[in-house]
């Protein structure tokens, strides 16, 4: 990866001095025929969009341009690509984590 590319960071020191979270915990789980990630829990900037998560997963999984990748929130629905992680976290997080499922073929919804 190039030096100017942003990446997800390990889940450490994600709280500011005021107690407000600077990053949100994201749990990425595979579904269907998608490869399983060695590291499932990531800490990401809440202002990132869902499209950033998709691009990150495509790079991490080394997907071909012709391969599809689907993201689901809580095994229920496909979030909009321009939806912010902060909004999804505030609405659908459980136990302090936002759970996103990814797969290469349509699974739910």
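The values are calculated or read from the model by the stated rules, or taken from the named source; none is laboratory data. No experiment lies behind these values; they were computed from the predicted model shown. Cβ coordinates were reconstructed from backbone atoms using ideal geometry, including for glycine residues, and neighbour counts include every protein chain displayed.
Scanning the range 100-109 for residues that are in a strand (DSSP E or B) and at positive phi yields a total of 0. Here is the figure for the range 80-102: residues that are without any contact (Cβ under 8 Å) to a residue 24 or more places away in the chain and within 16 Å of residue 45 (Cβ to Cβ) total 2. When the range 46-99 is filtered for residues that are assigned to a strand (DSSP E or B) and over 14 Å from residue 23 (Cβ atoms), the ones remaining, listed by number, are 49, 70, 71, 72, 73, 77, 94, 99. Of all residues in the range 23-45, those that are assigned to a loop (DSSP other than H, G, I, E, B) and either free of Cβ contacts under 8 Å to residues at least 60 places away in the same chain or closer than 13 Å to residue 98 by Cβ (or both) total 8.
Counting residues in the range 19-27 that are modelled with pLDDT under 85, exposed (fewer than 14 other Cβ atoms within 10 Å of the Cβ) and more than 22 Å from residue 74 (Cα to Cα) gives one or more. Return yes or no: is residue 61 over 11 Å from the mean Cα position of the chain (by Cα), at pLDDT 90 or above, closer than 17 Å to residue 80 by Cα and surrounded by 15 or more Cβ atoms within 10 Å (Cβ to Cβ)? Here the answer is no, as residue 61 does not meet what is asked.
Here residue 46 meets the list (1) out of contact with any helix residue (DSSP H, G or I) (no Cβ under 8 Å at 6 or more places or on another chain); (2) modelled with pLDDT of 90 or more almost entirely, failing just condition (1).
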